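Remarks on the structure that follows.
Derivation of every value follows stated rules applied to the coordinates shown; laboratory data play no part. Quick caveat: nothing in here was measured; it's all calculated off a predicted structure. All Cβ positions, even for glycine, are placed from backbone atoms using ideal geometry, and neighbour counts span all protein chains on display.
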Amino acid sequence: MAATDTMKDDDLYFSPILEHREDYYIKYYPPVPTHDFATLAVRLLKPINPHEVDQCLLKEASYWINKYRVPLMARVTDKAENQIQSPSADSWGFLVAWPDASARGFQTSWNFDDLSVHLEAHPQEGDLAAIYQDVPFETGKQKRVQALANRKEMITQAKNLKLILAAWLAFIPAAWVLLTWFGPAILGIAANLYALYQAYKTWRKIYRPNVGDSADGKAEKRRKMEHYYYHCERNPDGFRRLLVENFEADAVAETENEAHAIAENHGIRRLPKKNGE
């Protein structure tokens with residue numbers, strides 16, 4: 001079953017909100033139809049101590065709860081996308097928060113179950129379109145229409161590809177044969193010579209794959225692959241560490257690129273300071 005099959009026409013799907021804070025950037029995801037709370041992802045751009053993790057999450061929770069009166073779940077990760085565990089949090093490592101009855105008051109907890117208890121007793125109410133009036137969104141109907149349009153485009157592209165393949169593999173060879181039969185003799189000779197050349201290339205690929213200008217390069221590549229495989233087999237723990245290091249390096253590079261893009265497109269936004277800070 002496709003994901004769009006379960007969408008209702010009036011379901012709302014909001015775009016995430018991106019903001020840069022100099023030392024970190026955030027992605028705020030409004031609620032989706034299957035969850036009654038927003039999600040706040042904080043990505044650090046430099047190391048901080050555990051106490052600062054608590055302060056960062058509490059400050060962001062206060063800002064977003066007062067901006068959008070909707071329960072939220074927040075977490076912090078480093079540049080390599082490893083979650084930073086707060087010393088105050090339970091095993092889940094999240095800060096959860098929800099608005100209370102006062103105009104700007106809210107409650108926080110480091111125990112995710114507390115949010116579940118709150119939502120069971122006080123289901124999220126209110127018009128999300130009005131709450132997030134400054135955030136772009138699509139309805140379930142719009143997403144389903146877009147998915148259908150994308151599917152039709154893929155089907156059209158597949159048909160066009162089949163037509164091109166049919167022309168290349170069937171129509172053009174057939175026309176070539178007819179040309180050699182009924183066309184001038186010189187064209188027939190040229191067609192046969194070209195066919196023999198293609199047959200020779202195919203034979204060489206099958207029986208002499210390393211012959212040619214790139215033979216040395218292919219042999220060297222194969223030698224390196226066998227060399228690396230030999231040492232990976234001898235030291236699987238070292239290979240796993242190298243694999244993790246490569247993944248972390250890719251994640252760090254992606255984080256830095258994303259932070260740069262957010263800073264360029266949205267600017268660096270500092271949270272308003274409270275009295276005494």
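Numbers for the structure displayed
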{"read-out": "Long-range amide H partners of A38 with built H, under 5 Å", "value": "L72, M73"}
{"read-out": "Cβ-defined net charge surrounding K46, 14 Å radius [Lys, Arg +1; Asp, Glu -1]", "value": "-2"}
{"read-out": "Sequence ranges 219-230, 31-42, ranked by mean other-Cβ count within 10 angstrom, highest first", "value": "31-42, 219-230"}
{"read-out": "Stokes-Einstein diffusion coefficient of region 45-90, Kirkwood radius over Cα pairs, 4 °C, 1.567 mPa s, in µm²/s", "value": "113 µm²/s"}
{"read-out": "Out-of-range pairs (alpha-carbon distance over 30 Å; input K8/K46; K201/K224; K67/K141)", "value": "K8/K46"}
{"read-out": "Cα lying deepest toward the dipole's positive end in region 3-135, options Q83, L44, V70, charges on Cβ", "value": "L44"}
{"read-out": "Unit charges on C-beta of K, R, D, E only; dipole of region 3-135, Debye", "value": "500 debye"}
{"read-out": "Overall form of region 3-135 per C-alpha gyration tensor (a/c, 1.5; a/b vs b/c)", "value": "prolate"}
{"read-out": "Radius 14 Å from Cβ of M225, net charge of other residues (Lys, Arg +1; Asp, Glu -1)", "value": "+2"}
